[in-house]
Amino acid sequence: MKRRRFLMSGMAAAAAPFWAEETLEAMMQHTNTASRPSELKITDLRVATVARAPMTCPVIRIDTNQGIYGLGEVRDGASKYYALLLNRILGENPCDVDRIFRKIKQFGFHARQGGGVCAIEMALWDLAGKAHNVPVYQMLGGKFRDRIRCYADTTESDDPKIYGERLRKRKEQGFTWLKMDLGIDLVKNVPGTLTYPAGEDLAGGSRKEHMFTGIEITHKGAELMADFVGTVREMVGWEIPLAMDHFGHISVHSCIRLAKSLEKYNPAWLEDMVPWQRTDLLKEIKEHIDVPLLTGEDIYLKEGFLELCKNHAVDLIHPDLATSGGILETKKIGDMAQEYGVGMCMHFAGTPVSCMANVHCAAATENFLVLENHSVDVPWWNDLVEGVEKPIVSKGFIKVPEKPGLGITLNDEAMKQHLLEPGYFEPTPQWDKDSYRINDRLFS
């Protein structure tokens, strides 16, 4: 009341209507008076690891001195320790998202090694949004769309009619984009389809890069795999985009041979045909085929994507936000790709926490096309969080939340039912030692 009287008495008569009682009342209703953003400090970083969602997913919580917290998630299949090692954020103001990210990004790397940095970045945005009482997408510059298109992982089958039926049911669920796995394992027992050194892993689990396995697909093998896709394509229709992934660790020439056989079925993209860092080889494949190429789920930070885009080595990029650098870095990646005429799809496999981070980023990135979701068949996945419409993926789309931060809260009871290990966001004082005595500056 004292502030109100002071404002009213200090205004000129012409300005008085702006500071009318009802105007001030409305303003206060939209201000988060429970938070003082300039005084916010990080006090702890805690973890609860979810199992079988369908992957293992460490969810982190960053606590503060004002009682509000932020949620993030280490990438699926990665270790919680990637996040816990970054205790140097204690004492920081979480609203300084970009500055803290630049402080810790040196401790991330490609694939799942980027998971800790990205989890913290997500949680910082969640905290900043809660402190300022706005959704994350608004702090990124606003949204281009109100709902996010999704495609879903679908269980494989060696029978193309069974696989086609499963994909057709995805259409019935409302999905407007499909993806299928298409590996050389489909033809490995058919004589005359593959040549390879005896004992070589044909399932794609080899730690060798594709070019060093000696595995080649014959014209017969490529045509049989194309016939498999043809059956699926006829069952799902020609109008819907149908992407393909997990071909196996085959050579560049085999990639070209297979892609040429698949052209007649108009794939939406061929994914990760060779490792992402082989820019020249991807460009060689791209120059010999008439099918879009896509890669990127294992790239950390924008520099790797820049190399692909400026060399026109791919048609589409596919960052996983839990590896690529988090929410803001992934938006920067999308904006950069747009300058080179490259669209952005997004890879995702995790809990609704990371899902909502992806949703805010996708909403705020103009050249976004579609977001993956591996969890639409996990019956309890939606139960892990509150605050959003259920089911989260509805008829192939996710509605962009309008609540502050990521727009979700955890359902503690549901989370505790699906933990990998005992302990639910326990304090982590053992990770606080020596955090300010480490000299990790990268220059002299």
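Is it fair to say Val376 is at pLDDT 95 or above, of a type in the set (Val, Ile, Thr), buried (at least 22 other Cβ atoms within 10 Å of the Cβ) and out of contact with any His (no Cβ under 9 Å at 6 or more places or on another chain)? Working first, answer last.
Details: at pLDDT 95 or above: yes; of a type in the set (Val, Ile, Thr): yes; buried (at least 22 other Cβ atoms within 10 Å of the Cβ): no; out of contact with any His (no Cβ under 9 Å at 6 or more places or on another chain): yes.
For Val376, the condition - at pLDDT 95 or above, of a type in the set (Val, Ile, Thr), buried (at least 22 other Cβ atoms within 10 Å of the Cβ) and out of contact with any His (no Cβ under 9 Å at 6 or more places or on another chain) - is not met.
Scan the range 165-184 for residues that are surrounded by 17 or more Cβ atoms within 10 Å (Cβ to Cβ) and among the acidic types (Asp, Glu) and report the count.
1
Which pairs turn up if I take residues in the range 408-423 that are farther than 14 Å from Lys80 by Cα and look for partners that are among the aromatic types (Phe, Trp, Tyr) with beta carbon separation below 8 Å, at least 6 apart in sequence or on another chain?
From the range 408-423, the pairs are Asp412/Tyr424; Ala414/Trp380; Met415/Tyr424; Lys416/Tyr424; Gln417/Trp380; His418/Trp380.
Among the listed residues Met273, Met211, identify the single one that is touching a Cys at 6+ places or on another chain (Cβ under 6 Å) and either closer than 23 Å to Leu294 by Cβ or of a type in the set (A, V, I, L, M) (or both). Quick ask: steps written out before the conclusion?
Values: Met211 fails: touching a Cys at 6+ places or on another chain (Cβ under 6 Å).
Step by step, each of Met273, Met211 is checked, and only Met273 is touching a Cys at 6+ places or on another chain (Cβ under 6 Å) and either closer than 23 Å to Leu294 by Cβ or of a type in the set (A, V, I, L, M) (or both).
When only residues in the range 225-282 that are among the acidic types (Asp, Glu) and surrounded by fewer than 17 Cβ atoms within 10 Å (Cβ to Cβ) count, which is farthest from Gly199 (Cα to Cα)? Lay out the reasoning, then the answer.
Going residue by residue through the range 225-282, those that are among the acidic types (Asp, Glu) are 227, 234, 239, 245, 263, 271-272, 280.
This time we only want the ones that are surrounded by fewer than 17 Cβ atoms within 10 Å (Cβ to Cβ), so: 227, 234, 239, 263, 280.
Details: Asp227: 27, Glu234: 36, Glu239: 41, Glu263: 31, Asp280: 29 Å.
Looking at the filtered set, the residue picked out is Glu239.
Only one of these is surrounded by 24 or more Cβ atoms within 10 Å (Cβ to Cβ) and either touching a Gly at 6+ places or on another chain (Cβ under 6 Å) or among the aromatic types (Phe, Trp, Tyr) (or both): Thr330, Thr323. Name it. Let's see the steps before the verdict.
Numbers: Thr330 fails: either touching a Gly at 6+ places or on another chain (Cβ under 6 Å) or among the aromatic types (Phe, Trp, Tyr) (or both).
Of the residues listed, the single one that is surrounded by 24 or more Cβ atoms within 10 Å (Cβ to Cβ) and either touching a Gly at 6+ places or on another chain (Cβ under 6 Å) or among the aromatic types (Phe, Trp, Tyr) (or both) is Thr323.
For residues that are β-branched (Val, Ile, Thr) and part of a loop (DSSP other than H, G, I, E, B), scanning just the range 364-377, find the one that is farthest from Arg166 (Cα to Cα). Full working, then the answer.
The first filter runs over the range 364-377 and keeps only residues β-branched (Val, Ile, Thr), leaving 365, 370, 376.
Next, only the ones that are part of a loop (DSSP other than H, G, I, E, B) stay: 365, 376.
Values: Thr365: 31, Val376: 13 Å.
Only one residue tops the list, namely Thr365.
Looking at the range 186-210, which of the residues that are surrounded by fewer than 17 Cβ atoms within 10 Å (Cβ to Cβ) and within 30 Å of the chain's Cα centre (by Cα) is nearest to Gln277 (Cα to Cα)? Show your work before the answer.
If we filter the range 186-210 for residues that are surrounded by fewer than 17 Cβ atoms within 10 Å (Cβ to Cβ), which is where we start, we get 188-192, 195, 197-201, 203, 205-209.
Still in the list and also within 30 Å of the chain's Cα centre (by Cα): 201, 203, 205-209.
Details: Asp201: 22, Ala203: 22, Gly205: 18, Ser206: 17, Arg207: 15, Lys208: 14, Glu209: 11 Å.
Once the filter is applied, the top-ranked residue is Glu209.
Do we have any residue at all in the range 359-372 that's crowded, with 24+ Cβ neighbours inside 10 Å, over 26 Å from Arg170 (Cα atoms), aliphatic (A, V, I, L, M) and touching a Leu at 6+ places or on another chain (Cβ under 9 Å)?
For the range 359-372, residues crowded, with 24+ Cβ neighbours inside 10 Å, over 26 Å from Arg170 (Cα atoms), aliphatic (A, V, I, L, M) and touching a Leu at 6+ places or on another chain (Cβ under 9 Å): present.
When the residues of the range 67-77 are narrowed to those that are farther than 11 Å from Leu127 by Cα and part of a loop (DSSP other than H, G, I, E, B), which ends up farthest from the chain's Cα centre (by Cα)?
Here is the first cut: in the range 67-77, the ones farther than 11 Å from Leu127 by Cα are 73-77.
Those still in the list that are part of a loop (DSSP other than H, G, I, E, B) too: 74-77.
On the way: Val74: 11, Arg75: 8, Asp76: 10, Gly77: 13 Å.
Going through the qualifying residues, I end up with Gly77.
Just to confirm my filter: which helices (runs of 4 or more DSSP H) fall fully inside the range 96-154 and include at least 3 residues that are farther than 19 Å from Gln66 by Cβ and at pLDDT 95 or above?
Working: elements: 97-104, 115-132, 136-139.
Per the criteria, 97-104, 115-132.
Give the residue, chosen from Lys399, Lys416, Lys395, Lys433, that is farther than 23 Å from Ala322 by Cβ, among the basic types (Lys, Arg) and at pLDDT 95 or above.
Numbers: Lys399 fails: farther than 23 Å from Ala322 by Cβ; Lys416 fails: farther than 23 Å from Ala322 by Cβ; Lys433 fails: at pLDDT 95 or above.
Residue meeting the stated conditions: Lys395.
Exactly one of these conditions fails for Lys161: (1) closer than 24 Å to Thr409 by Cα; (2) part of a helix (DSSP H, G or I). Give me its number.
Failing condition for Lys161: (1).
Please enumerate the residues belonging to the range 378-399 that are assigned to a loop (DSSP other than H, G, I, E, B) and either out of contact with any Pro (no Cβ under 8 Å at 6 or more places or on another chain) or of a type in the set (Lys, Arg) (or both). Outline the logic, then answer.
Residues of the range 378-399 assigned to a loop (DSSP other than H, G, I, E, B): 378-380, 387-393, 395-396.
If the condition is that a residue be assigned to a loop (DSSP other than H, G, I, E, B) and either out of contact with any Pro (no Cβ under 8 Å at 6 or more places or on another chain) or of a type in the set (Lys, Arg) (or both), then Pro379, Trp380, Glu389, Lys390, Pro391, Val393, Lys395, Gly396 are the ones that fit.
Is there a residue in the range 331-341 that is closer than 20 Å to His110 by Cα, without any contact (Cβ under 8 Å) to a residue 40 or more places away in the chain, part of a loop (DSSP other than H, G, I, E, B) and of a type outside the set (A, V, I, L, M)? Before you say what the answer is, go through the steps one by one.
First pass over the range 331-341, keeping only residues closer than 20 Å to His110 by Cα: 331-334, 336-337.
From the residues that got through so far, the ones that are without any contact (Cβ under 8 Å) to a residue 40 or more places away in the chain too are 332-334, 336-337.
So of that shortlist, the ones also part of a loop (DSSP other than H, G, I, E, B) come out as none.
No, the conditions are met nowhere in the range 331-341.
Identify, by number, the condition in (1) assigned to a loop (DSSP other than H, G, I, E, B); (2) in contact with a Ser or Thr (Cβ under 7 Å, 6 or more places away or on another chain) that Asn93 doesn't meet.
Result: Asn93 passes all but (2).
Yes or no: the range 298-318 includes at least one residue that is closer than 23 Å to Met139 by Cα, of a type in the set (Ser, Thr, Tyr) and at pLDDT 95 or above.
The answer is yes; a qualifying residue exists.
Among Lys260, Lys283, which is the only one that is farther than 19 Å from Asp245 by Cβ, of a type in the set (Lys, Arg) and either part of a loop (DSSP other than H, G, I, E, B) or over 19 Å from the mean Cα position of the chain (by Cα) (or both)? Walk me through how you get there before you give the answer.
On the way: Lys260 fails: farther than 19 Å from Asp245 by Cβ.
Only one candidate passes the filter, namely Lys283.
May I ask you to say which residue of Gly77, Gly108 is more than 28 Å from Leu442 (Cβ to Cβ) and either out of contact with any Asp or Glu (no Cβ under 6 Å at 6 or more places or on another chain) or assigned by TED's automatic domain parsing to the domain that holds Pro275 (or both)? Even if it seems obvious, please write down each step before you answer.
Numbers: Gly108 fails: more than 28 Å from Leu442 (Cβ to Cβ).
It is Gly77.
Among the candidates Met244, Met225, single out the residue that is closer than 27 Å to Asp298 by Cα, assigned by TED's automatic domain parsing to the domain that holds Lys310, in contact (Cβ under 8 Å) with a residue 24 or more places away in the chain and part of a strand (DSSP E or B).
On the way: Met225 fails: part of a strand (DSSP E or B).
It is Met244.
The values are calculated or read from the model by the stated rules, or taken from the named source; none is laboratory data. The model shown is predicted, which means the values in this text are computed figures rather than measured ones. Every residue, glycine among them, receives a Cβ derived from its backbone with ideal geometry; neighbour counts consider all protein chains shown.
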